[in-house]
Amino acid sequence: MTTPSTVYVVVPDGIDDPARPSGGNLYDRRVCSELAATGWTVHERAVPGTWPQPDGVALDALASAFDHVPEGAVVLIDGLIASAAPEVLVPEARRLRLAVLVHMPLGDRAGDGVTGSREGAALSAVAAIVTTSTWTRTWLLDRYPLVPRRVHVAEPGVDAAALARGTADGGQLICVGAVTRGKGHDVLIAALAMIRDLPWRCVCVGSLDRDPGFVASLGSQSRAGAVEDRVRFTGPLTGADLAGAYAAADLLVLASRGETYGMVVTEALARGVPVVTTAVGGVSEALGRASDGRPPGLLVPRDDPAALAAAVRFWLGDPHSRDRLRQAARDRRRMLSPWSATSDRISQVLAAVAA
């Protein structure tokens with residue numbers, strides 16, 4: 001049997017593709033790096049396929065990834081793979097010590113009984129499950145017959161960053177996330193069209209190739225709402241380019257229809273940038289509160305352009321409230337946890353699985 005300090009990590013192929021950045025990929029990469037830095041021997045297995053909708057070739061590739069993993073080894077598997085492949089995972093659970101990292105429950109995203117039953121079967125077979133928010137843990141326990149003590153929470157960390165410069169009028173808005181229907185860019189455009197009388201600019205950072213038809217519809221919507229010259233889609237940004245976009249921002253605006261946590265929320269708060277976001281999933285956990293209890297942003301209902309527009313109008317139109325939100329964001333900034341805290345929690349889970 002392998003020693004408790006060795007872990008095999010199974011991730012989707014393309015985890016490091018700069019053209020398709022995602023919170024899940026970033027989380028996986030940082031956890032692998034942090035575990036290695038703290039003494040774990042990390043053997044990474046990248047599995048090709050259209051996860052989480054695998055075909056036979058992808059399932060065969062997953063099975064092959066386990067071929068040379070010794071019996072009794074500890075294996076941490078990304079949930080996009082594990083939850084979609086019970087036919088591979090359940091047999092392997094008899095000889096390996098499996099833990100699954102669930103970024104987004106597939107049953108919640110798909111909304112169909114088949115996907116949910118497959119996910120439930122896979123997760124019920126493993127030794128431990130790590131979720132990225134209390135919301136996700138509760139969702140899983142409410143829907144699947146899981147043992148509560150085997151389901152853990154390891155919230156995403158965040159890197160320290162310099163304070164954003166900000167502008168006098170607060171009008172530089174930023175939205176970060178792949179441009180898909182799930183991220184609600186159509187709701188954002190509709191809301192911005194309602195406040196085109198105000199001085200704002202909005203930069204939308206994120207992949208443009210996930211749903212080309214939806215992206216094209218946003219162009220038509222922007223023109224119809226007379227905001228096409230004030231909304232800019234940059235495509236994906238990483239590293240210094242992404243940091244520069246945050247540094248120039250006054251306010252993060254998200255219209256997501258679903259989030260298990262919302263890593264971009266803490267990325268903005270790490271720079272003292274307040275947030276206006278939909279109250280979905282685990283976003284309120286990411287937003288948190290300042291030390292005096294004040295929220296560092298505003299929560300609005302999902303699929304409600306008028307409410308989103310009203311929140312941004314409030315931000316733009318009230319300098320005093322804008323200053324208070326900035327102060328709350330800067331205070332919350334000091335309370336954010338680093339990635340080392342995330343990996344410490346996962347390390348504890350993996351050590352227990354090994355034991």
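The values are calculated or read from the model by the stated rules, or taken from the named source; none is laboratory data. Please read these numbers as outputs of a predicted model, since none were measured by experiment. FYI the Cβ positions are ideal-geometry reconstructions off the backbone, even for glycines, and counts take in every protein chain you see. We work out accessible area using only protein heavy atoms, side chains counted, and drop any ligands, DNA or RNA first. Shrake-Rupley method; radii C 1.70, N 1.55, O 1.52, S 1.80 Å.
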**Cα-based Kirkwood hydrodynamic radius, the range 39-168, one decimal, Å** = 15.8
**Asked** How big is the C-alpha Rg of the range 254-355 next to the rule-of-thumb value 2.2 N^0.38 Å, as a ratio?
**Response** 1.24
**Request:** Pop the C-beta distance of THR167 and ASP197 into the FRET formula with R0 = 22 Å and round what comes out to the nearest 0.05.
**Result:** 0.75
**Message:** Apply the Karplus curve 6.51 cos²θ - 1.76 cosθ + 1.60, θ = phi - 60°, to the phi angles in the range 127-142 and return the couplings in whole Hz, x for Gly and Pro.
**Reply:** 7, 7, 10, 10, 10, 9, 7, 5, 4, 5, 4, 4, 4, 5, 5, 6
**Length gained when the stretch GLU71-ARG143 is fully extended (0.36 nm per residue, less Cα-Cα span)** = 22.8 nm
**Request:** In nm, give the distance between the simple-model label positions of ARG95 and SER217, each being 7 Å from the Cα along the Cα-to-Cβ direction.
**Result:** 4.7
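Computed FRET efficiency, Cβ-Cβ of ALA226 and ARG257, R0 30 Å: what is it to the nearest 0.05?
Efficiency computed from Cβ-Cβ geometry: 0.75.
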**Fill in**
Comparing ALA168, ALA121, ALA58 in a Gaussian network model of the chain (Cα, 10 Å), the one with the largest mean-square fluctuation is ALA168
**Asked** Applying the Karplus parametrisation 6.51 cos²θ - 1.76 cosθ + 1.60 with θ = phi - 60° to the phi angles of the range 199-212, what ³J(HN,Hα) value in whole Hz is obtained for each residue in order, glycine and proline being reported as x?
**Response** x, 9, 9, 10, 10, 9, 9, x, 4, 10, 10, 6, 9, x
**Request:** Report HIS320's accessible area, 1.4 Å probe, all protein chains in place, as a number in Å² to the nearest 10.
**Result:** 120
**Complete:** With N residues in the chain, Rg(alpha-carbon) / (2.2 N^0.38 Å) equals 1.02
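Quantify, in whole percent, the carbon and sulfur part of the accessible surface of the chain (1.4 Å probe; protein heavy atoms only).
Of all accessible area on the chain, carbon and sulfur atoms account for 53 percent.
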**Prompt:** If Lys and Arg each add +1 and Asp and Glu each add -1, what is the summed charge of the other residues whose beta carbon sits under 14 Å from the beta carbon of LEU146?
**Reply:** +2
**Message:** Tell me the relative contact order for the range 60-133 as a rounded percent, counting alpha carbon contacts under 8 Å between residues six or more apart.
**Reply:** 35
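So, counting K/R as plus one and D/E as minus one, what does the shell of residues with Cβ under 14 Å around ILE174 add up to?
Cβ neighbours under 14 Å give a net charge of +3.
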**Complete:** Counting only protein heavy atoms and rolling a 1.4 Å probe, one gets per residue an accessible area for the range 203-355 in Å² of 40
**Request:** May I ask you to list the residues of the range 321-339 whose amide nitrogen lies under 12 Å from a point 7 Å from Cα along the Cα→beta-carbon direction of ALA279?
**Result:** none
**Complete:** Summing -39500 (n - 2.57) over every DSSP H run of at least 4 residues in the chain and dividing by its residue count gives a helix-only mean residue ellipticity at 222 nm, to the nearest 500 deg cm²/dmol, of -12500 deg cm²/dmol
**Heavy-atom surface of the range 142-183, accessible at 1.4 Å and reported per residue (Å²)** = 51
**Message:** 5 Å is the cut-off here: which amide hydrogens, built 1.01 Å from N in the peptide plane, fall below it relative to CYS175, excluding neighbours closer than 5 in sequence?
**Reply:** VAL203, CYS204, VAL205, VAL253
**Asked** So, in Å, what gap is there between the alpha-carbon centers of the range 86-155 and the range 286-355?
**Response** 26
**Item:** HIS320-VAL114 FRET efficiency (beta carbon distance; Förster radius 51 Å; 0.05 resolution)
**Value:** 0.45
**Prompt:** Measuring from label point to label point, each 7 Å out along Cα→Cβ, what is the LEU299 to ARG181 span in nm?
**Reply:** 2.6
**Spin-label model distance (nm) - SER5 vs ASP17, 7 Å beyond Cα toward Cβ** = 3.6
**Fill in**
Mean-square fluctuation maximum in Gaussian network of the chain, Cα pairs under 10 Å, restricted to PRO274, PRO295, PRO212, hits PRO212
